[in-house]
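The block underneath contains the structure these notes are about, expressed in structure tokens.
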Amino acid sequence: MLPEAVLEQAKAEMLDWRGSGMSVMEMSHRGKEFVSIAERAEADLRELLDIPANYKVLFLQGGASSQFAMVPMNLLRGKAKADYLNTGQWSKKAISEAKKFCQVNVVASSEAVNFTTVPARDTWKCDPEAAYLHYTPNETINGVEMHRIPEVGVPLAADFSSTLLSRPLDVSQFGVIYAGAQKNIGPAGLTIVIVREDLLGQTVTGTPTMYDYAVQAKDGSMYNTPPTYAWYIAGLVFQWLKAQGGLAGMAARNQAKAELLYKAIDESGFYKNPVDPAYRSWMNVPFTLPDEALDKPFLAEARSVGLLTLAGHRSVGGMRASLYNAVPLDGVKALADFMADFQKRRG
Ligand SMILES: *Cc1c(COP(=O)(O)O)cnc(C)c1O
């Protein structure tokens, strides 16, 4: 979901961006109009996340899935090993891609308990020779979120695809942060990378030019044509976030939304969320009904009252409510009310 105000603004500016006579889609990415849009977006993102000056912000393509390869290519820096924490479906994908480039040491895994929790930090078996440690702060499919940044002795690489901008973040704790924009930022096609400068410039041999953070940083993410329209919409979302009180404002709203829905689930005696309460995601809330036969009618009735995209991921089944930034508290209330009503009729 994108904020309606952002879509309205995009609509108003669609044919003629601020008297330029062009749609943003028609602009040269090197023209002064688009360059001003790009610079404003980066400045607003830096302000929202309070990004330190020694970090580069990249606006790339290829999705978070490309970062599964770009992270090892850029961060190994001559080393042969990397640490990975396995907390869910996206961790596993990052791990299998990294294995093409290095020896992967899985420091801990919650797979044996169906990814319903996160292994305690003091059980992790870190390799002292690892170039970095990769983890997934919010496992979108499993609904598992780490609410604290782990302390490790090597640069942290983190896949923030489904939780970046949902609350304030201490960027200085990370080597690299990346996120596909389409979950909580803007349209598909844009990938945000925030990387510490001193880690750049030591890619593995054979790294394609497009996959080299240093090249992208030097060229302002314009080594080739960047995803201009997605970059523009993300910029409008950044302005909208600033108007909502920034990330502190979003955190308060997102916490309230999540608490409301978990309470509705836990107190129902009908719906269930399997995740350890200490690691329940603010963004993605999976839940099941007591009988799978109820899934179809639940989804159909939800759709008929305007509650959309509630089906769980094909790999886990059940339901999943995604409570990204643009989802209002009233939307979550409407969902909780619908769930109670459905239970009364079908429970
Ligand atoms: C959706 C998602 C991905 C994959 O993103 P793409 O941009 O489609 O490659 C990776 N990691 C997480 C945590 C996700 O939620």
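What follows is calculated from the coordinates using simple rules that are stated; it is not laboratory data. Since this is a predicted model, take the numbers as computed values, not measurements. Here the Cβ positions follow ideal geometry from the backbone for every residue, glycine too, while neighbour counts run over all protein chains shown.
Quick look at the values:
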item	result
Along principal axes, Cα extents of the range 18-110, largest first, whole Å	55, 29, 27
Inter-label distance, nm, simple model (7 Å from Cα along the C-beta direction), Asp122/Ala5	4.6
Sequence-distant lysines (8 or more away, or on other chains) whose Cα lies within less than 24 Å of Lys99	Lys79, Lys81, Lys125
Around Phe115: net Lys/Arg minus Asp/Glu count, Cβ-Cβ under 11 Å	-2
Radius, Kirkwood style, for the chain when every pair of distinct Cα atoms is counted (Å)	21.2
Sorted by Cβ density within 10 Å, fewest first, the residues Ser66, Ser36	Ser36, Ser66
GNM flexibility winner over the chain from Asn254, Asn54, Asn284 (Cα, springs under 10 Å)	Asn54
Kirkwood Rh (inverse of mean 1/r, distinct Cα pairs), the range 246-346, angstrom	13.9
Gln61-Lys344 FRET efficiency (beta carbon distance; Förster radius 35 Å; 0.05 resolution)	0.15
Normalised contact order of the chain, rounded percent, pairs of Cα under 8 Å and 6 or more residues apart	20
Cross-link partners of Lys263 among lysines (Cα-Cα below 27 Å; sequence separation of 8 or more within a chain)	Lys183, Lys272, Lys296, Lys333, Lys344
Bridge type composition, the chain - antiparallel percent by DSSP, nearest 5	60
